[in-house]
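Chemist: One structure, pasted below without further comment.
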Ligand SMILES: [Zn+2]
């Protein structure tokens with residue numbers, strides 16, 4: 001299949017689409033408008049129907065119709081692509097074949113039907129929430145939960161039910177004869193239940209508020225139904241299908257991936273999650289997911305670990321004993337994975353995030369996010385077990401805390417937590433130190449020997465030089481340029497890959513670029529789109545990388561079409577080999593810089609070895625310079 005991206009850009013009228021969101025004014029061959037991506041008072045954005053691009057002369061925002069919709073609606077590239085494809089009248093099958101190319105054909109038709117069915121159900125749920133008969137439910141969200149219409153619409157909250165008709169949604173869905181849905185599908189997708197004895201059909205989410213769950217591409221793959229009538233369970237989840245599995249999906253994760261924030265907040269319920277967005281959370285800084293009564297699995301952890309931009313975890317569970325236990329168990333999982341883990345301090349005594357919104361307002365929620373106020377996970381752990389388990393043997397508690405410190409400790413830990421432990425347990429400082437030494441020695445001899453020497457002498461956090469980061473930036477740029485050439489001339493990929501001396505990078509994104517080049521080389525005569533699809537299927541690339549490559553493909557197709565680049569690689573041969581050399585040189589220089597820094601600042605390493613290593617690196621770097629002069 002040819003590039004869907006290409007087709008969409010080609011056949012969509014960019015002026016019509018952008019004109020839907022901002023007011024355009026024609027001037028010559030182009031259109032102008034106020035740029036929606038920066039505070040603009042004088043129209044600085046131009047839209048070219050001929051080139052099919054937009055460009056802001058003030059903030060530099062530029063792209064095609066897909067990236068415009070993506071940025072404007074704050075959705076993923078894939079979601080924007082799908083939206084525009086549907087607007088052009090593409091069939092679900094065709095769109096699905098593009099996103100799930102490796103799923104068998106019979107499944108592709110099924111997936112398409114399921115997507116449509118869920119999309120239809122969602123539209124019905126949304127309409128029902130806003131219908132006169134369900135006014136009570138909408139008012140509940142607006143008044144008792146203090147969610148605005150804007151937020152309700154953004155999260156596509158709906159309601160399943162119409163008076164006492166227990167199969168209202170079922171009847172509406174099945175009446176769409178042209179879509180070819182049947183009760184079998186509806187049952188599989190948890191949209192209806194059928195009573196074993198009476199065979200009576202009822203809506204699965206009857207009298208529940210509905211929240212669509214979406215996959216990473218933004219397609220609905222299931223629902224959460226929350227009761228408003230004290231029914232159990234409080235949350236009802238769609239059953240697993242070929243689209244959805246509980247352990248492989250996290251509510252709202254697709255949204256987190258669009259903005260790539262460094263901090264991920266984890267809350268219990270999805271109304272808590274939505275309350276954070278209602279409060280006006282900075283989405284570039286924070287993303288939120290909700291557990292919804294699920295156990296946090298190893299698969300969930302994998303999802304989060306694949307989102308490399310996440311560095312900090314902020315746990316915000318309910319303010320009760322169960323919530324504290326959830327915090328302790330889940331926080332430990334993240335601590336093990338080396339995240340910076342924090343726990344929100346709930347000073348106002350509210351039960352959960354939504355109660356803070358309702359009782360204290362938006363600003364109180366935002367101020368709870370302030371890091372300085374919150375405990376790091378270890379402090380929270382120490383306080384909680386000292387407080388909640390005071391009826392236990394004090395020695396057991398201390399043992400537990402010290403074990404945690406020994407297990408996940410670094411040189412900073414002792415000095416950081418000793419006062420807190422002394423204060424809470426009233427145990428003598430020296431006794432504590434002795435016990436700690438014993439535990440650390442018994443259980444984790446190797447790791448903690450260094451720790452024991454240093455605990456009164458905390459070491460500075462590792463920081464690399466500015467020079468290092470500027471080299472890294474230029475390595476990133478060079479690799480991105482190389483990707484462009486590889487997309488333009490896939491036939492060079494195999495040579496390029498072989499010429500690269502450094503095939504392992506320290507950063508995942510860069511590694512993915514190398515992996516991509518290798519893949520292109522190993523699949524000659526395959527379209528780049530297929531290669532990407534293959535990488536997605538095998539879970540080898542992050543969404544971030546997918547979006548990056550998609551935008552590169554876009555740009556290149558556009559350049560090609562406008563004949564801005566030469567169409568054969570011979571003309572670029574020299575540039576390409578220069579670039580490959582530059583990448584190698586940069587890798588050497590990065591290693592050199594890092595060693596140099598370590599030699600000066602780290603006392604725990606073999607400095608002689610690094611020194612020797614750097615002498616070799618220095619020669620190699622010099623070599624590059626000589627070659628360049630030739
Ligand atoms: Zn702008």
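Please treat every number below as a calculation from the coordinates, not as lab data. These numbers were taken from a predicted model, which means no experiment stands behind them. Note that we place each Cβ from the backbone using ideal geometry, even for glycine, and neighbour counts take in every protein chain shown.
Chemist: At 7 Å along Cα-to-Cβ for each site, give me the label-to-label distance between residue 93 and residue 150 in nm.
Modeler: 4.3
Chemist: Taking the Cα-to-Cβ direction at residue 502 and at residue 348 and moving 7 Å from each Cα, how far apart do the two end points lie in nm?
Modeler: Inter-label distance under the simple model: 5.0 nm.
Chemist: Could I ask something else about it? If you take the Cα Rg of segment 78-171 and divide it by 2.2 N^0.38 Å, with N the number of residues, what do you get? It would help to have the intermediate numbers written out before the result.
Modeler: Details: Rg = 16.8 Å, N = 94, 2.2 N^0.38 = 12.4 Å.
Working it through for segment 78-171, the quotient is 1.36.
Chemist: What ranking, highest mean first, results for peptides 113-125, 138-150 when packing means the other Cβ atoms within 10 Å averaged over each residue?
Modeler: My ranking of the peptides, most packed first, is 113-125, 138-150.
Chemist: A further question follows. Between residue 470 and residue 336, what length comes free when the chain is fully extended (0.36 nm per residue of separation minus the Cα-Cα distance, one decimal in nm)? Kindly include the intermediate steps, with their values, before the conclusion.
Modeler: Working: separation 134, 0.36 × 134 = 48.24 nm, distance 3.11 nm.
Full-extension gain reported as 45.1 nm.
Chemist: Now, a different point. With an 8 Å Cα cut-off and a minimum separation of 6 or more residues, compute the relative contact order for the chain in percent. Numbers along the way, then the final one.
Modeler: On the way: 785 pairs, mean separation 49.3, N = 630.
Reported relative contact order: 8 percent.
Chemist: Would you mind telling me the antiparallel percentage of the DSSP bridges in segment 225-319, rounded to 5?
Modeler: On the way: 3 of 13 bridges.
In segment 225-319, DSSP labels about 25 percent of beta bridges as antiparallel.
Chemist: Provide the packing ranking of 57-70, 212-225, i.e. peptides ordered by the mean count of other C-beta atoms within 10 Å per residue, highest first. Don't skip to the answer; put the middle values down first.
Modeler: Numbers: 57-70: 19.4, 212-225: 22.4.
Descending mean neighbour count gives 212-225, 57-70.
Chemist: Taking only Cα atoms of segment 466-629, what ratio of Rg to Rh do you get with Rh as the Kirkwood inverse-distance radius?
Modeler: Working: Rg = 17.7 Å, Rh = 17.3 Å.
That ratio is 1.02, to two decimals.
Chemist: Calculate the FRET efficiency for residue 297 and residue 573 from the Cβ-Cβ distance with a Förster distance of 35 Å, rounded to the nearest 0.05.
Modeler: Between residue 297 and residue 573 the formula returns 0.10.
Chemist: What per residue convex hull volume, in Å³, do the alpha-carbon atoms of segment 253-382 yield? List each step's numbers first, then the result.
Modeler: Details: hull volume 12.6 nm³, N = 130.
Cα convex hull per residue, to the nearest whole number: 97 Å³.
Chemist: What number, rounded to the nearest 500 deg cm²/dmol, is the helix-based mean residue ellipticity at 222 nm of the chain, given -39500 (n - 2.57) per DSSP H run of at least four residues and division by all its residues?
Modeler: Helix-only estimate at 222 nm: -17000 deg cm²/dmol.
Chemist: Rounded to two decimals, what is Rg over Rh for the chain when you use alpha-carbon atoms and the Kirkwood radius?
Modeler: Ratio of gyration radius to Kirkwood radius: 1.00.
Chemist: Can you give the FRET efficiency to the nearest 0.05 for residue 74 and residue 311, using r as the Cβ-Cβ distance and R₀ = 22 Å?
Modeler: 0.55
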